[in-house]
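Student: Let me give you the structure first, and then I'll get to my questions.
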Amino acid sequence: MNARVSGTFAGQGELFGFVKGDTRPHDPRYSGDGVRAGQGRDATSTPERLPGGLIDRSRSLEFAFDGRSYRGHPGDTLASALLANGVRLMGRSFKYHRPRGVLTAGSEEPNALVELRSGARQEPNSRATVVELFHGLEACSQNRWPSLAFDVMGINDLLSPFLTAGFYYKTFMWPAAFWETLYEPVIRRAAGLGSLSRAEDPDCYDKGFLHADLLVIGSGPAGLMAARTAGRAGARVILMDEDFVLGGRLNAETLSVGGQMGSAWAQSVVAELSALPNVRLMTRTTVFGVFDHGIYGAVERVADHLPAPEAGKPRQILWRVYARQAILAAGAVERPIAFRNNDRPGIMLAGAVRTYANRWGVAAGRRVALFVNNDDGLRTARDLDAAGVDVAAVIDARAEGDRLPGIRHIKGAVVTDAAGRLGLRGVTFRDGRGREDRIACDCLAVSSGWNPAVALTSHQSARPVWDESIAAFVPSPNGPKGLKVAGAAAGVMSTHGALATGAARANDVLEELGLPTQKPELPEAEDAPVRLSPLWHVSGAGRAWVDLQNDVTVKDVRLAHQENFRSVEHLKRYTTLGMATDQGKTSNMLGLAVMAELTGKSIPETGTTMFRPPYTPVAMGALAGRSRGEDFKPRRLTPSHRWAAEQGAIFVEAGLWMRAQWFPRPGETTWRQSVDREVLGTRKGVGICDVTTLGKIDIQGTDAGVFLDRVYANTFSTLPVGKVRYGIMLREDGIVIDDGTTARLGEHEYIMTTTTANAVPVFRHLEFCRQCLWPDLDIQLISTTEAWAQFSVAGPNARRLLQRIVDQDISDAAFPYMACANVTVCGGLRGRLFRISFSGELAYEVAVPARYGDALVREMMAQGQDLGVMPYGTEALGVLRVEKGHIAGNELNGQTTALNLGLGKMVSKKKDAIGMVLSQREELARADGLRLVGIRPVDPKAVLEAGSHLIAAGRDPVAANDDGWLTSVVHSPHLGHQIALAYLRNGASRLGERLRAVNLLAKTEVEVEIVSPHFVDPEGERLRV
Amino acid sequence: MCEHRLRARPALGIDQPDVVAVGPVRIAESMGTALGSLASRRGRDDEVRRIAADAGIPLPAPGQMVRQGDWAGFWLAPSQWMIEGPQDTYEDIAAVLKTIFGESASVTEQTDAWVRLEVTGPLRPMFERLCNLDLVRFVPGSATRTIIEHLGCYVLRQADDRITLLGPRSSAASLHHALISAARSAF
């Protein structure tokens, strides 16, 4: 069955369009006589082509749908090209797997969703109505198996009585564990949209920024007129349209503007605008959201109409537009009418049927019927008739009014049912006297009127207001500031009205910008009134679709009402009405109108759901831009990076920094061998480590000492010039933010060092203190982290090495422990020297301007050969500091006080400092609180796990018995076994005690002994040699 | 310049500052400018301005950059400027400025905190993909701080077709990559 179906899709020599796409026996009820086939068709082209349209018939483009090859023309969309080839069945519905065709001709399309392209470029849920045809385009239908015409999951349609709104909430309640393991996977497989390739997107995306006096959104008559008016006045104008041809609805109609075809008039305005240097025209660009302060989000599809983007060029650009003023001229979206089986392929919106005929020269059907409640729908009948398409009948819900001449125009009638599972074969209608009759047709064009595209005007919580005269919501007068609305988007539905309001809104903008307003030159255009008699759904048996994308029917709305989900927001969540890629553009109005009927409230009382960006789907790639993979964030490289890479260093990310983690040497097969060697080598000879990453903040001013006394818990104003002091910085609540050393280089000049991770937060904190807390202090701050390359030189040979580098006397007498000075190095280069130690060894930090960092490390390595010099990485740095009992990020976890760290005495009570008072809180000041201790395993071969909790012998490993935890664990090559730092309750008085280090996750338990955290040189003798 | 035995390295490139052309755009690292920040001590703004005027050092208004003889300056924050001078003349620019301004201002060496990139060519199509600067209003003589590639950078509009970009030196490679990507995207 399925194989034949796809065969008939080509429509070769097929006379009776209304049977194609369905291989069931020809139903005589629908085989109406007089079906005109092939009249006026372009015989050389695809079967359903009509003459005319904005396509380039001189060229042919080959494309594939579900593996079958077709031809279209430049200017086609995938949908128009498929219709031209007689393909009406384009997808399966979300829940019931009902066969579906195309409904619309624009971005509001709920049905014709396809997977576009193949391989890593495969993109699901692409709307065939906006996919621009290119040679070699591949598309596949989705949510069906094994094929579009025969879909096993079509069984869902028969099960529909069980799959009503809210069915999962009711059905899959129990047992709870089955939800994730069974129910959800099954539902996800059965219901859904397209599939992902799961391959890395090979294309790149840009982000950019645009600035304009006026952003015009939409290029129909209103938008073009607005852009022309403002452009002529010299305003900086950006005109954006989601389409690839400017002109909007003018390209879809046969209406004349200024005595010429509307589309020709549009092209003449586009030509004028293109020549203005102050106007930028952007096609294929969708404004998807309105954000604060005149910021608009837009996506430009730079290369979606090409097989692949050019090398280096983005596929799409996400633009952030800063516009002083904006005019929304996005037009309106036509709405359908719900009746039984109104989702059959071939049932389309009347405006879309007309668009396919006029813009693309495509007959959406060979025998077309219409179902309308308004005059605009009648245009479709006239245009099709003029194009030679057989118009079977116009079923007009209105009893009054004139009949169309030469067309069967049935007044006061409604369509009650549609037949043709895989493609429409006919409709049943009921006339004013209640008589039912059938009409054979392969396309039904439906119009229930047009909804102004109010979405963008409602993006900042504004609610659209009801306009009875057009039975539609129009933009709120309290919409986003600076956003004006013109044309159909404002509820002004005629071409003349669009031109006039476009010009008028542009003049309003010019006035606000202080530019000369323009006398509008309005070309002559139609100004037909809206004549419409509201009709939302035709009641009767069977399922009538409200939301085609989410398979929500009138019955579902009724069920939501019955179960008291009556507010529109509840209705939406309960039934999924208006969700997914189309965001209910063709369905929301219908859904709330049905709900209004059920509650007996008016439509405006029922209201709309909240509108939120994006207006149409935005690719995640566009939101990410270039920030992905290796380029997710910029990397920071130390001055010795190139040199370290030459040494074969293994790098580790430390925030944005790449730091050398260790330097493997030949013969070393594990990282531990390298790290142990670096640690032992440093303690025996001399090690060098790039510490440029530590934050360096230059603090100057006559109040610098006072300032430091207030931001540090300990005192700095008394620090002599030429000395360094270790400091701890508290938050207001008494918890330690950061620690580091601060050097006093001059009377009013200090250099603060922060941890690598906190360089920015500490600088921000200091700026806050300077600007907001104490603006009266004389303080100047600036970061110098990047300006200086700084190296730690540690080990017993550190001085001997630096004596070969530093030009000045650095003997212990001249330059004692904790000294600092401006020095010169290597024969006169200015540098800085600090005698500080993180490793516990005799150690210095030496700094030179960053551009000399590479040369300095090479020089030190060369000069230190006989001293056993070796570079060490962050792993060895960590081992050295844990052996010495120095704290780092693992200990400064945002919960610890100075007292916890064993540094309680550093919090000076003689002065006030941030956090001093609150650090004295009773609970924080408990004598038996957590204290930093050292841990060693009783069995030297035992392996410790960081994060293990300390539990007394014989106690259960539960929270109530938790005495503390291991913060940092390293292997100490110096001691030959593992050691750790830990926080332990009442730790200071528990030295020598034995506890269990229990890790319930790793399922380990190790007996440990509590020791001093100073594993190496507890007296600090090595520092002071 | 002092005669020490260490050799300066550019932030990009191995020995010579990096120069790359992408379409009509040229992106070149420059090592020829020394930078020092100058911040008035509290209450001494007038004095600083007087000394600067005597010394011929420009202290421009917010958003501005001014070149005056050897010196140039751009605004950083209230009472704070970045002062530029030729590297050959003012290698130790902070010492030079400190001598001029004495205790009236705080001076900090900033030369190597930044990678200096000179970008020449048609700027708009490239920079609109990089940062939120409106180059129509950001006329020659403008200077500002903005975010490019997540990095705080100073942008100085030297001429219609020339921008100087100061980016954090440690991220020079990432910034450079972003500039090249934007140029390739635009041209």
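Student: Let me spell it out: the conditions are (1) more than 22 Å from residue A:824 (Cβ to Cβ); (2) touching a strand residue (DSSP E or B) at 6+ places or on another chain (Cβ under 9 Å); (3) away from chain A (no Cβ under 14 Å), and residue B:85 meets all of them except one. Which number is the exception?
Tutor: (1)
Student: Which number in (1) surrounded by fewer than 20 Cβ atoms within 10 Å (Cβ to Cβ); (2) over 20 Å from residue B:171 (Cβ atoms); (3) more than 10 Å from chain A (Cβ to nearest Cβ) marks the one condition that residue B:103 misses?
Tutor: Condition not satisfied by residue B:103: (3).
Student: If you don't mind, another one. Return a yes/no flag: does the range A:866-882 have any residue that is within 14 Å of chain B (Cβ to nearest Cβ) and touching a Ser or Thr at 6+ places or on another chain (Cβ under 9 Å). Before the answer, list the steps.
Tutor: Kept after step one, since they are within 14 Å of chain B (Cβ to nearest Cβ), are these residues of the range A:866-882: none.
For the range A:866-882, residues within 14 Å of chain B (Cβ to nearest Cβ) and touching a Ser or Thr at 6+ places or on another chain (Cβ under 9 Å): absent.
Student: So, one more: Would a scan of the range B:71-82 turn up a residue that is under 17 Å from the mean Cα position of the chain (by Cα), surrounded by fewer than 17 Cβ atoms within 10 Å (Cβ to Cβ), away from chain A (no Cβ under 12 Å) and over 26 Å from residue A:776 (Cα atoms)?
Tutor: no
Student: May I pose another question? Taking residue A:215, is it among the aliphatic types (A, V, I, L, M), within 14 Å of chain B (Cβ to nearest Cβ) and either under 28 Å from residue B:136 (Cα atoms) or not in a loop (DSSP other than H, G, I, E, B) (or both)?
Tutor: On the way: among the aliphatic types (A, V, I, L, M): yes; within 14 Å of chain B (Cβ to nearest Cβ): yes; either under 28 Å from residue B:136 (Cα atoms) or not in a loop (DSSP other than H, G, I, E, B) (or both): yes.
The answer is yes for residue A:215.
Student: Within the range A:733-797, which strands (runs of 3 or more DSSP E) (wholly inside it) include 2 or more residues that are within 11 Å of chain B (Cβ to nearest Cβ) and among the hydrophobic types (A, V, I, L, M, F, W, C)? Walk me through it before giving the result.
Tutor: On the way: elements: A:736-746, A:749-754, A:780-783, A:788-794.
Output list reads A:780-783, A:788-794.
Student: If you don't mind, another one. Filter the range A:405-431 down to the residues that are touching a helix residue (DSSP H, G or I) at 6+ places or on another chain (Cβ under 6 Å) and part of a loop (DSSP other than H, G, I, E, B), then identify the one that is surrounded by the fewest Cβ atoms within 10 Å (Cβ to Cβ).
Tutor: To start, the set of residues in the range A:405-431 that are touching a helix residue (DSSP H, G or I) at 6+ places or on another chain (Cβ under 6 Å) comprises A:407, A:425-426.
If we keep only those that are part of a loop (DSSP other than H, G, I, E, B) too, we end up with A:407, A:425.
On the way: A:407: 16, A:425: 29.
In this case the residue turns out to be A:407.
Student: Here is a follow-up. Scanning the range B:11-32 for residues that are out of contact with any strand residue (DSSP E or B) (no Cβ under 8 Å at 6 or more places or on another chain) and assigned to a loop (DSSP other than H, G, I, E, B), which turns out farthest from the other protein chains (Cβ to nearest Cβ)?
Tutor: The residue in question is B:24.
Residues checked against (1) closer than 30 Å to residue A:856 by Cα; (2) free of Cβ contacts under 8 Å to residues at least 12 places away in the same chain; (3) outside the structural domain of residue B:92 (by TED's automatic domain parsing):
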residue: B:4; (1), (2), (3): yes, yes, yes
residue: B:10; (1), (2), (3): yes, no, yes
residue: B:13; (1), (2), (3): yes, no, yes
residue: B:23; (1), (2), (3): no, no, yes
residue: B:27; (1), (2), (3): yes, no, yes
residue: B:40; (1), (2), (3): no, no, no
residue: B:47; (1), (2), (3): no, no, no
residue: B:56; (1), (2), (3): no, no, no
residue: B:61; (1), (2), (3): no, no, no
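Student: Picking from B:138, B:127, which residue would you name as being within 30 Å of residue A:235 (Cβ to Cβ), more than 9 Å from chain A (Cβ to nearest Cβ) and among the aromatic types (Phe, Trp, Tyr)?
Tutor: Numbers: B:127 fails: more than 9 Å from chain A (Cβ to nearest Cβ).
Result of the check over B:138, B:127: B:138.
Student: Output the qualifying pairs, or none if there are none: Cβ atoms under 7 angstrom, residues six or more apart or on different chains, first residue in the range A:205-232 and more than 13 Å from residue A:488 (Cα to Cα), second residue in a helix (DSSP H, G or I) and among the basic types (Lys, Arg).
Tutor: Correct list of pairs: A:226/A:505.
Student: Are any of the residues in the range B:122-136 within 12 Å of the chain's Cα centre (by Cα) and not hydrophobic (A, V, I, L, M, F, W, C)?
Tutor: No; the residues of the range B:122-136 include none that is within 12 Å of the chain's Cα centre (by Cα) and not hydrophobic (A, V, I, L, M, F, W, C).
Student: Within the range B:8-32, take every residue that is surrounded by fewer than 18 Cβ atoms within 10 Å (Cβ to Cβ) and of a type in the set (Val, Ile, Thr) and give me the one that is modelled with the lowest pLDDT.
Tutor: Here the answer is B:14.
Student: Is it the case, given these coordinates, that residue A:693 is within 14 Å of chain B (Cβ to nearest Cβ) and among the polar types (S, T, N, Q)?
Tutor: Working: within 14 Å of chain B (Cβ to nearest Cβ): yes; among the polar types (S, T, N, Q): yes.
Criteria met by residue A:693.
Student: Across the range B:112-141, what is the total count of residues that are at negative phi and surrounded by 19 or more Cβ atoms within 10 Å (Cβ to Cβ)?
Tutor: Result for the range B:112-141: 18.
Student: Something else now. Of all residues being away from chain A (no Cβ under 12 Å) and assigned to a loop (DSSP other than H, G, I, E, B) in the range B:33-63, which is surrounded by the fewest Cβ atoms within 10 Å (Cβ to Cβ)? Just the residue, please.
Tutor: Per the stated criteria, the residue is B:61.
Student: Please determine, by comparing only the residues of the range A:915-949 that are free of Cβ contacts under 8 Å to residues at least 24 places away in the same chain and not basic (Lys, Arg), which one is farthest from residue A:974 (Cα to Cα).
Tutor: Of the range A:915-949, the ones free of Cβ contacts under 8 Å to residues at least 24 places away in the same chain are A:922-923, A:926.
Right, trim to not basic (Lys, Arg) and you get A:922-923.
Working: A:922: 40, A:923: 38 Å.
Here the answer is A:922.
Student: Could you run through the range B:68-80 and say how many residues are in contact with a strand residue (DSSP E or B) (Cβ under 8 Å, 6 or more places away or on another chain) and over 20 Å from residue A:704 (Cβ atoms)?
Tutor: 6
Student: Within the set of pairs 6 or more residues apart or between chains, which connect a residue that is more than 7 Å from every other protein chain (Cβ to nearest Cβ) and on the phi > 0 side of the Ramachandran plot inside the range A:843-861 to a residue that is among the acidic types (Asp, Glu) and surrounded by fewer than 24 Cβ atoms within 10 Å (Cβ to Cβ) with Cβ atoms less than 7 Å apart?
Tutor: none
Student: Of (1) farther than 19 Å from residue B:35 by Cα; (2) crowded, with 19+ Cβ neighbours inside 10 Å, residue B:170 satisfies all except one. Which?
Tutor: (1) is the only condition that residue B:170 fails.
Yes/no per residue for (1) farther than 21 Å from residue A:455 by Cα; (2) away from every other protein chain (no Cβ under 12 Å):
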position	(1), (2)
A:614	no, yes
A:633	yes, no
A:638	yes, no
A:648	yes, yes
A:652	yes, yes
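Student: So, residue A:956, is that one in the same structural domain as residue A:1007 (by TED's automatic domain parsing), free of Cβ contacts under 8 Å to residues at least 24 places away in the same chain, in a loop (DSSP other than H, G, I, E, B) and not small (Gly, Ala, Ser) or not? Before the answer, list the steps.
Tutor: On the way: in the same structural domain as residue A:1007 (by TED's automatic domain parsing): yes; free of Cβ contacts under 8 Å to residues at least 24 places away in the same chain: yes; in a loop (DSSP other than H, G, I, E, B): yes; not small (Gly, Ala, Ser): yes.
Against the criterion (in the same structural domain as residue A:1007 (by TED's automatic domain parsing), free of Cβ contacts under 8 Å to residues at least 24 places away in the same chain, in a loop (DSSP other than H, G, I, E, B) and not small (Gly, Ala, Ser)), residue A:956 qualifies.
The values are calculated or read from the model by the stated rules, or taken from the named source; none is laboratory data. Not measured: the values here are computed from a predicted model. Note: ideal-geometry Cβ built from the backbone for every residue, glycine included; neighbour counts use all protein chains shown.
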